[in-house]
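The values are calculated or read from the model by the stated rules, or taken from the named source; none is laboratory data. Only a predicted model underlies this, so the values are computations on that prediction, with no experimental measurement involved. With ideal geometry, Cβ positions are generated from the backbone for all residues, glycine too; neighbour counts draw on all protein chains shown. Accessible surface is based on the protein model in full, side chains and every heavy atom, while ligands, DNA and RNA are left aside. Shrake-Rupley method; radii C 1.70, N 1.55, O 1.52, S 1.80 Å.
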Amino acid sequence: MASSSPFAPQYVHGIYIPSALLIVGTAIIKSEWLVYAVALTAILGGWKVYNNLPRKVLKPNEFQNFELKEKTILSHNTAIYRFKLPRPTDILGLPIGQHISLAATIAGQPKEVVRSYTPISSDEEKGYFDLLIKSYPTGNISKHVASLMVGQTMKVKGPKGAMVYTPNMVRHFGMIAGGTGITPMLQIIRAIIRGRPRLGGSDVTQVDLIFANVNPEDILLKEDLDALVKEDDKFRVYYVLNNPPEKWDGGVGFVTADMIKAKLPPPAKDIKILLCGPPPMISAMKKATESLGYEKPRPVSKLEDQVFCF
């Protein structure tokens, strides 16, 4: 990642040293040209600084091609895909809580297929963005991304979505995620923890997450989540498995209303419940939250909703 410090190597080697050599050399050889040498170094230095400023690259109404830079295999059907931005100082320009669209022409499909994904990286990382994608047998885009070789490109546009996170927008988040539905939750969790008072921010939001999966090996980014729990005493995770191992201290089976009541904040004006996962799970969670007294979720969520579905 390129540093923005005025003493960063790209400035020392790219601006200060060449400028000094040009000015000193001009003073020695032809001192009457010194004023022009200073002006030239100021112009070139300004251009160099401007060229190193973070630039948002996403376009909401236009697909762009981004090159696959790395692929990190997590399991037989899940990987983290790192896509390169045009310049090493570029940022995606994605507000916390929003997502992007991926598009591809798939053989056998009558028109271009488009699906939404939330990066697990943020604008804190420059020059690339990361997508955690699980490839499903019936998933057109997920299978297409899984087939990409390093150096090939993917069509992307954004930002999109009704959720835009701002610090302390609620007192307490309750989150329910299933499988790769963890990605928008993780994006928000990381932003909250980055903004804690101990790190110079003002965010004091409490977060409780119920994360449901089938088998222990299906728990995506568990090491990252557990590290965040150790780091932050206002963030807690409750894992739920259909097929738990022996001596399992988490939940078993499907997420129930009783689990939600025990682990997430009760209904109040200053809390929000976030849902993301497979459609059958989301349907069940909508009914469960409504039965517990939370506001009934809309078919299409809006930012002000108490129960928000990604």
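Report the Rg/Rh value for the range 126-276, based on alpha-carbon coordinates and the Kirkwood definition of Rh.
0.99
Sequence neighbours fewer than 8 away in the same chain don't count; with that in mind, list the aspartates and glutamates whose C-alpha is under 13 Å from K126.
Straight-line reach from K126, under 13 Å: D90.
Helix-only mean residue ellipticity at 222 nm, the chain, DSSP H runs n ≥ 4 weighted -39,500 (n - 2.57), per residue, nearest 500. What is it?
Taking each H run of at least 4 residues, the total per residue is -8000 deg cm²/dmol.
Given the chain, report the % of alpha carbon pairs whose separation exceeds 33 Å.
Roughly 36 percent, rounded to a whole number.
Which three extents, in angstrom, do the Cα atoms of the range 234-310 have along their principal axes, listed largest first?
Each principal axis gives a Cα extent; for the range 234-310 these are 41, 28, 21 Å.
Pop the C-beta distance of D224 and K287 into the FRET formula with R0 = 41 Å and round what comes out to the nearest 0.05.
For R0 = 41 Å, the calculated efficiency reads 0.85.
Taking the mean number of other Cβ atoms within 10 Å as a proxy for protection, how do you rank 287-295, 241-249 from highest to lowest?
Packing proxy ranking, top to bottom: 287-295, 241-249.
Working with all protein chains in place, sort V229, V307, V252 by solvent-accessible area computed with a 1.4 Å probe, largest first.
Per-residue accessible area, sorted high to low, gives V252, V229, V307.
Any chance you could look up the accessible area of K143 with a 1.4 Å probe, heavy atoms only, rounded to 10 Å²?
Rounded to the nearest 10, the figure is 100 Å².
Collect residues whose amide H, placed 1.01 Å from N in the peptide plane, falls under 5 Å from the amide H of G178; neighbours closer than 5 in sequence don't count.
A212, C276, G277
For the range 64-129 and the range 204-229, what is the centre-to-centre distance using only Cα atoms, to the nearest Å?
22
Put a dot 7 Å past each Cα toward the Cβ at T166 and D233; how far apart are the dots in nm?
The two pseudo-label positions are separated by 3.0 nm.
Between G251 and residues 5 or more places away or on another chain, which pairs have amide H atoms under 5 Å apart, with H built 1.01 Å from N, and which residues are they?
Y239, V240, L241
What Rg and what Dmax come out for the range 102-149 when only alpha-carbon atoms are used, in angstroms?
Rg, Dmax (Cα atoms, Å): 12.4, 39.
Please tell me the relative contact order of the chain in percent, rounded to the nearest whole number, where contacts are Cα pairs under 8 Å and at least six residues apart.
Reported as a whole number, the value is 14 percent.
Any chance you could count the Lys pairs in the range 261-310 whose alpha carbons are under 15 Å apart, treating pairs 8 or more apart or on different chains as valid?
Qualifying lysine pairs in the range 261-310: 11.
For a quick check of understanding: with a 1.4 angstrom probe and all protein chains in place, what accessible area in square angstrom does T105 have, to the nearest ten?
In the full protein context, T105 sits at about 110 Å².
Which of the lysines could a cross-linker bridge to K155, judged by Cα under 16 Å and excluding same-chain residues fewer than eight apart?
Hits, sequence-local ones excluded: K59, K69, K84, K111, K143.
Quick one: Karplus J couplings for the range 106-115, per residue in order, coefficients 6.51, -1.76, 1.60, θ = phi - 60°, nearest Hz, x for Gly and Pro?
Working through the residues one at a time gives 10, 4, x, 9, x, 9, 4, 9, 10, 9 Hz.
Add +1 for every Lys or Arg and -1 for every Asp or Glu among the other residues with Cβ under 13 Å from the Cβ of Q187, and state the total.
-3
Quick one: if the Förster radius is 45 Å, what FRET efficiency do Q152 and K247 give, using the C-beta to C-beta distance and rounding to 0.05?
That pair, Q152 with K247, gives E of 0.55.
Determine how large the accessible area of R82 is when every protein chain is in place; take a 1.4 Å probe and give Å² rounded to the nearest 10.
60
Using all Cα-Cα distances in the range 38-189, what percent lands in each 5 angstrom bin from 0 up to the longest?
2, 8, 16, 20, 19, 13, 9, 6, 3, 2, 1, 1, 0
Considering Cα pairs under 8 angstrom that are at least six residues apart, work out the relative contact order of the range 104-248 and quote it in whole percent.
It rounds to 19 percent for the range 104-248.
State the number of lysine pairs found in the range 156-255 whose Cα atoms come within less than 24 Å, restricting to pairs 8 or more positions apart or on distinct chains.
Total qualifying Lys-Lys pairs in the range 156-255 comes to 4.
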